[in-house]
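Comments concern the structure below.
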Amino acid sequence: MGSIAKKILQDHMVEGTFEIGKEIGIKIDQTLTQDATGTMAYLQFEAMKLDRVKTELSVSFVDHNTLQTDFKNPDDHRYLQSVAAKFGIKFSRPGNGICHQVFLERFARPGKTLVGSDSHTPTAGGMGQIAIGVGGLDVAVAMGGGLFYLKTPKIVGIKLTGQLQEYVTAKDVILEVLRRISVKGGVGKILEYFGPGIKTLSVPERATITNMGAETGATTSIFPSDEVTRQFLKLEGREDQWVEIPAGSDEDYDEIIEIDLSAIEPLVAKPHSPGNVVPLSELIGMKVDQVAIGSCTNSSLKDLETVAALLKGKKIAPHTVLGIAPGSRQVLEQIARDGALANIVSSGARILESACGPCIGMGFAPKTNATVVRTFNRNFFGRTGNKTANAYLTSPEVAVAAAVFGEFTDPKKLGTYPTFTFPDEIHIDDSMILEPPTDGSEIEIIRGPNIAPLPEFEPLPENFEEVEVVMKVEDNITTDHIMPAGAKILPLRSNLPEISKHVFEQIDPDFYGRAMKAKENKGGAIIAAENYGQGSSREHAALAPMYLGIKFKIAKSFARIHRDNLVNFGIVPLTFENPDDYDKINQGDKLAILSIATALKEGSKPIIVKNLTQNIEIPVTYDLSERDREIILAGGKLTYVSSKLK
Ligand code: MIC
Ligand code: SF4
């Protein structure tokens, strides 16, 4: 049998050696993009000057930037639609749903490889495929037929035994994983689920678990493809796409974590980290102001039918507001057709569009100092759209109880548990997914005024002289700290000069001014602690700092996707040889690194950073493959790969 992840990776491996930590290059069968990262990904794809994508399947979704307060978002949608038609990409129209939910329903296939320009791409791992979240440029390269490079991950087997009790859900399983291994525990690993408990979980439940596995920093998460998978594909009219990929067993894994499903209780992630997990019982009685149900973690048909059954005949508490965003048009249409939607509406819930919505601060922001309960995967500081809010992450069941009783409470108080079974048939309608024409050569790409051209990429200089430390930050800085999202800033995703003004805005509004001043001199650097750049795949968190003249970052450690994005845009990710040296650099210090280009060319370490202000030398190192170093030397991946894909 063996590990599923290993089997799929080895089946797709074209370059490298499959040994933990060594780099491998894999062929990518499928890609997905969403609109907030997609415009940049397609600008980069255009810059590669290819006629058509070379993948088996590429899909472009519009789900993040759906609030249309001016021309920017609708113009971007139109750009994406025209690009998709031109290059042979399917286009999922705004309103059709959240990329990961729609992908799971309509496109995910066991045994395939997928990269997506969104960190929750591992959702499709619930279908038994290797699905990895990456930066937009890596998707563009994969669309052009290029390999995706990663370090051979450790494969951790998560052995599930027993069965979930009533009112305990898949969300609690992944919160339990986070409770045990934290927001860094998955770095360099694939989390592969096996054991007798897996057959008790449906595909959408598995997808909830693999989706939020992203919060552990894991490369991806995966379930086997079994009879449960076949039934789901059958319901979606895609049974012919099923292949069996049986689960592994104890001896197939580098490490094993055992979870007894029967022993899990409802869990909650407290502000401001998905890893801040406590039992619900610790929060009972805390007043709740706003509840939001949806997101790519918890908005499947199973979730919404359960929510509707629990809300039936009940009203939400007078001081609490409830918003519900069904994950896809398919889910929304299904609950409308079978009447479940009426129970939701009559409870007083506000029905939101099938999109990311409040999960990314795109509307439905909470009031001042609100306590907010969300079925989402992230509760990072400021992400709700209101910095004073405190967001808690829970299952839909706990969220409904909070909405009905106006406080954290035991969901059992809602009554008999509505055990969900899939209907024999669902209504399938793909008319909101536009097929590209077979020949796109005549199609004109439509650009609105918000779409700014890509910046110039320059090769790495030999020396960095008098670079100013424009920012020094603590542990676990997220991409939401670096490049905030929300309704105001997201529409600027295709306009680098404009979006760059908002870097670090939430934690330090003066950053932009400082960075611009340093840029006019010798450039800037950022000093960071552990797990810098956790969270989103947004390459703007690297691209905008690059645009602001940031030359290198020195951290105690980096999160995977962000590190890759830094490499892709030519910012050197350096790490302290001795983590305590973090204390030897202050914000405002001037640093110099001599012969950095030669050092990277030769692969020599350590590199000496001179702190000119404090007159000391600090050894730093790097974890970069030869290819990574070539990319940095070339001034980024776009310049590096363009010539190779022709
Ligand atoms: C997120 O959940 O943070 C996002 C918004 O989906 C991001 C992508 C983005 O920033 O556009 C992600 O998870 O990668
Ligand atoms: Fe959208 Fe939220 Fe999922 Fe990101 S985490 S893809 S913003 S629903």
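Values in this text are rule-based calculations from the coordinates and carry no lab data. A quick note: this is a predicted structure, and the numbers were derived from the prediction, not measured. So basically every Cβ, Gly included, is an ideal-geometry build from the backbone, and we count neighbours across all protein chains shown.
Taken about its Cα centre, the chain carries a charge dipole of roughly 980 debye when the Cβ of each Lys and Arg holds +1 and the Cβ of each Asp and Glu holds -1. Around Lys472, under 14 Å between beta carbons, what's the net of Lys plus Arg minus Asp minus Glu among the other residues? Around Lys472, the charge tally is -4. Applying 0.36 nm per residue to the separation of Asp254 and Thr368 and subtracting their alpha-carbon distance, the gain on full extension is 36.4 nm. A straight chain from Lys501 to Lys584 at 0.36 nm per residue would run longer than the Cα-Cα distance by 27.0 nm.
Trp242: net charge of surrounding residues, Cβ under 15 Å, Lys/Arg +1, Asp/Glu -1, itself excluded? Please list the in-between numbers first.
On the way: positive: Arg106, Arg109, Lys112, Arg206, Arg230, Lys234, Arg238; negative: Glu105, Asp226, Glu227, Glu236, Glu239, Asp240, Glu244.
Overall, the nearby charge balance is 0.
For the pair Glu244 and Asn463, label points projected 7 Å from Cα toward Cβ lie 6.7 nm apart.
Highest-first packing order for the peptide set 106-113, 407-414, 292-299, 620-627 is 292-299, 106-113, 407-414, 620-627, based on the mean count of other beta carbon atoms within 10 Å. Ratio of Rg to Rh for segment 13-53: 1.12 [Cα atoms; Kirkwood radius as inverse mean 1/r over pairs]. Scaled against 2.2 N^0.38 Å for its residue count N, the alpha carbon radius of gyration of the chain is 0.92. Using only side-chain charges placed at the Cβ, +1 for Lys and Arg and -1 for Asp and Glu, the dipole size of segment 35-104 relative to its Cα centre rounds to 240 debye. In this rough spin-label picture, where each label sits 7 Å from Cα along the Cβ direction, the Asp475-Arg78 distance is 4.9 nm.
With each label modelled as a point 7 angstrom along the Cα→C-beta vector, the Lys49-Met286 pair spans 5.7 nm. Here r is the Cβ-Cβ distance between Asp439 and Thr621 and R0 is 45 Å; the resulting FRET efficiency, rounded to 0.05, is 0.35. Could you list, in their original order, any pairs among Lys90/Lys637; Lys72/Lys367; Lys501/Lys610; Lys49/Lys637 whose Cα atoms are separated by more than 18 Å? Pairs exceeding the cut-off: Lys90/Lys637; Lys72/Lys367; Lys501/Lys610.
Averaged over residues, the count of other Cβ atoms within 10 Å places the peptides 553-560, 321-328 in the sequence 321-328, 553-560, highest first.
In terms of its Cα atoms, segment 406-518 spans 67, 55, 28 Å along the principal axes, sorted from long to short.
With the Kirkwood sum run over all distinct C-alpha pairs, segment 21-134 has a hydrodynamic radius of 14.4 Å.
I'd like the distance between the alpha-carbon centres of segment 262-314 and segment 218-238, rounded to an integer number of Å. So the two Cα centres are separated by 24 Å. Listed by chain and number, the aspartates and glutamates whose C-alpha is less than 13 Å from the C-alpha of Lys86, apart from same-chain residues fewer than 8 away, are Glu46, Asp51, Glu435, Asp439, Glu442, Glu444.
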